[in-house]
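Novice: Here it is, the structure, as structure tokens.
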Amino acid sequence: MNELIVIGAGGHGKVVADIAYNNGYTNISFLDDYKKEINGYKVIGKIKDIENFDSKGYDFIIAIGNNAVREKIQNQLKDKGCNLVTLIHESAFVSKYTEVGKGTVIMPNSVINAGSKIGEGCIINTGCTIDHDCTIQNYVHISPGAHVAGTVEIGKRTWVGIGSSIINNIKICEDCIFGAGSVVIKDIFNSGTYVGMPVRKI
Ligand SMILES: CC(C)(COP(=O)(O)OP(=O)(O)OC[C@H]1O[C@@H](n2cnc3c(N)ncnc32)[C@H](O)[C@@H]1OP(=O)(O)O)[C@@H](O)C(=O)NCCC(=O)NCCS
């Protein structure tokens, strides 16, 4: 198995490294602009050092919570032909009738039901559920314990906060932030930050 380079050695990076280990990676290193070591793993350079890696011998995953930053770095790696992996923790249930894009991490105890499509570079965080026939576009983050009902579409880079709920047959545009505990019961057409039950734009 290739060495895995995890980009971003923050708290999210720690969890991603655990999932990588769970997926069989034993040779894991980090790139990070501030840290030198994380949970015994070496930080072997800064994020700009991705320029020095070629497409062979390494796998990559980006562990940065900011959706736009994750997209930017993933595009740089794609342009260089680097191998971005998909990491799915063994405790997650991912229906065989789903698609999951490169660079996406599916965290422990999540559920992705049949017919759903998860884009590239997404974070499907701990214990969240995405029911049947959803389309989750690239670089979306579904935070821990959030629930997305059936046939929901979520646009690029949208962040669904911890413990949120989205009812079935909803469309949400790109670049939204839903605060912790948001409840979405209507389509969202305008990018922005939403909170509450039901959500209001702030
Ligand atoms: C929505 C959020 C991003 C807003 O952060 P912010 O831009 O710093 O906004 P503020 O804290 O200044 O709050 C603005 C207003 O929205 C309200 N508000 C903020 N978050 C709220 C929430 N989740 N539910 C209800 N109201 C909320 C605040 O009370 C405040 O109201 P006021 O103007 O009447 O005082 C943040 O509060 C939040 O919920 N983040 C989600 C965190 C999360 O899910 N983390 C998981 C990581 S894996």
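The values are calculated or read from the model by the stated rules, or taken from the named source; none is laboratory data. Nothing here was measured: the structure is a model prediction, and the numbers come from that model. All Cβ positions, glycine included, derive from the backbone under ideal geometry; neighbour counts span all protein chains shown. The area values use the complete protein model at the heavy-atom level, side chains included, leaving out ligands, DNA and RNA. Shrake-Rupley method; radii C 1.70, N 1.55, O 1.52, S 1.80 Å.
Novice: Go through segment 54-96 and name the trypsin sites (Lys or Arg not before Pro) that are in a DSSP coil and have 16 or fewer other Cβ atoms within 10 Å of their Cβ.
Specialist: Hits after loop and neighbour filter: Lys56, Lys80, Lys96.
Novice: Can you work out ³J(HN,Hα) from phi for every residue in segment 139-154, in order, using Karplus 6.51 cos²θ - 1.76 cosθ + 1.60 and θ = phi - 60°, giving whole Hz and x for Gly and Pro?
Specialist: Going residue by residue, I get 6, 7, 10, 9, 6, x, x, 7, 10, 10, 6, x, 6, 9, 10, 10 Hz, with x marking Gly and Pro.
Novice: Also, quick follow-up: Pairs Lys156/Lys201; Lys96/Lys171; Lys80/Lys171; Lys117/Lys201: which exceed 22 Å Cα-Cα?
Specialist: In this structure, Lys96/Lys171; Lys80/Lys171; Lys117/Lys201 exceed 22 Å between Cα atoms.
Novice: A further question on this structure: Considering only DSSP beta bridges with both partners in segment 73-202, what is the antiparallel share in %, to the nearest 5? Before the final figure, lay out the partial values.
Specialist: Working: 2 of 34 bridges.
So the antiparallel bridges in segment 73-202 amount to around 5 percent.
Novice: Using 7 Å Cα-to-Cβ label points, what is the Asp49/Tyr21 separation (nm, one decimal)?
Specialist: It is 2.1 nm.
Novice: Oh, and also: Counting Lys and Arg as +1 and Asp and Glu as -1, each charge on the Cβ, what is the dipole of the chain about the Cα centre in debye, to the nearest 20?
Specialist: With only Lys, Arg, Asp and Glu charged at Cβ, the dipole is about 340 debye.
Novice: Amide H to amide H under 5 Å from Ile38: which residues, 5+ apart in sequence or cross-chain, H placed 1.01 Å off N in plane?
Specialist: Val43
Novice: Under 10 Å, Cα contacts only: if you run a Gaussian network model on the chain, which one of Phe93, Phe178, Phe53 comes out with the highest mean-square fluctuation?
Specialist: Phe53
Novice: I've got another one for you. Per-residue accessible area for Asp187 at 1.4 Å probe radius, Å² rounded to 10?
Specialist: 60 Å²
Novice: Which Cα, out of Asn125, Trp159, Asn109, lies furthest along the positive dipole direction of segment 109-201 (beta carbon charges, K/R +1, D/E -1)?
Specialist: Trp159
Novice: Right, next: Using Cα-Cα distances under 8 Å and only pairs 6 or more residues apart, what relative contact order does the chain have, in percent? Intermediate results must be reported in sequence, preceding the final value.
Specialist: On the way: 575 pairs, mean separation 22.5, N = 202.
Result for the chain is 11 percent.
Novice: If you keep only loop residues by DSSP, which GluC sites (Glu not before Pro) in segment 79-174 have at most 10 other Cβ atoms within 10 Å of their Cβ? Could the numbers behind the result be given before it?
Specialist: Details: sites: Glu90, Glu99, Glu120, Glu153, Glu174; in loops: Glu90, Glu120, Glu174.
Answer by residue number: Glu90.
Novice: If you don't mind, there's one more thing I want to ask. Based on DSSP H runs of at least 4 residues, each adding -39500 (n - 2.57), what is the mean residue ellipticity at 222 nm of the chain after dividing by all its residues, to the nearest 500 deg cm²/dmol?
Specialist: Value at 222 nm, helices only, nearest 500: -4000 deg cm²/dmol.
Novice: In nm, to one decimal, how far is the Ala68 label point from the Asn190 one, both placed 7 Å along Cα→Cβ?
Specialist: Going by the 7 Å Cα→Cβ label model, 1.9 nm.
Novice: Let me ask another. In degrees between 0 and 90, to the nearest 10, how far off the longest principal axis of the chain does helix 67-79 point, with axes built from Cα atoms?
Specialist: 50 degrees
Novice: Right, here's the next one. Averaging sequence separations of C-alpha pairs under 8 Å and six or more residues apart, then dividing by the length of segment 111-161, give the relative contact order as a whole percent.
Specialist: Taking the mean separation of contacting Cα pairs over the length of segment 111-161, I get 35 percent.
Novice: Relative to the longest principal axis of the C-alpha atoms of the chain, give the angle of the C-alpha long axis of helix 11-22, reported between 0 and 90° and rounded to the nearest 10°.
Specialist: 70 degrees
Novice: So who's got an amide H within less than 5 Å of the one on Ser91, skipping anything under 5 residues away but keeping other chains? H placed 1.01 Å off N, in plane.
Specialist: Asn109
Novice: Could you report the accessible area of His132 in Å², rounded to 10, computed with a 1.4 Å probe on the protein chains as they sit in the structure?
Specialist: Its accessible surface works out to 80 Å², give or take rounding.
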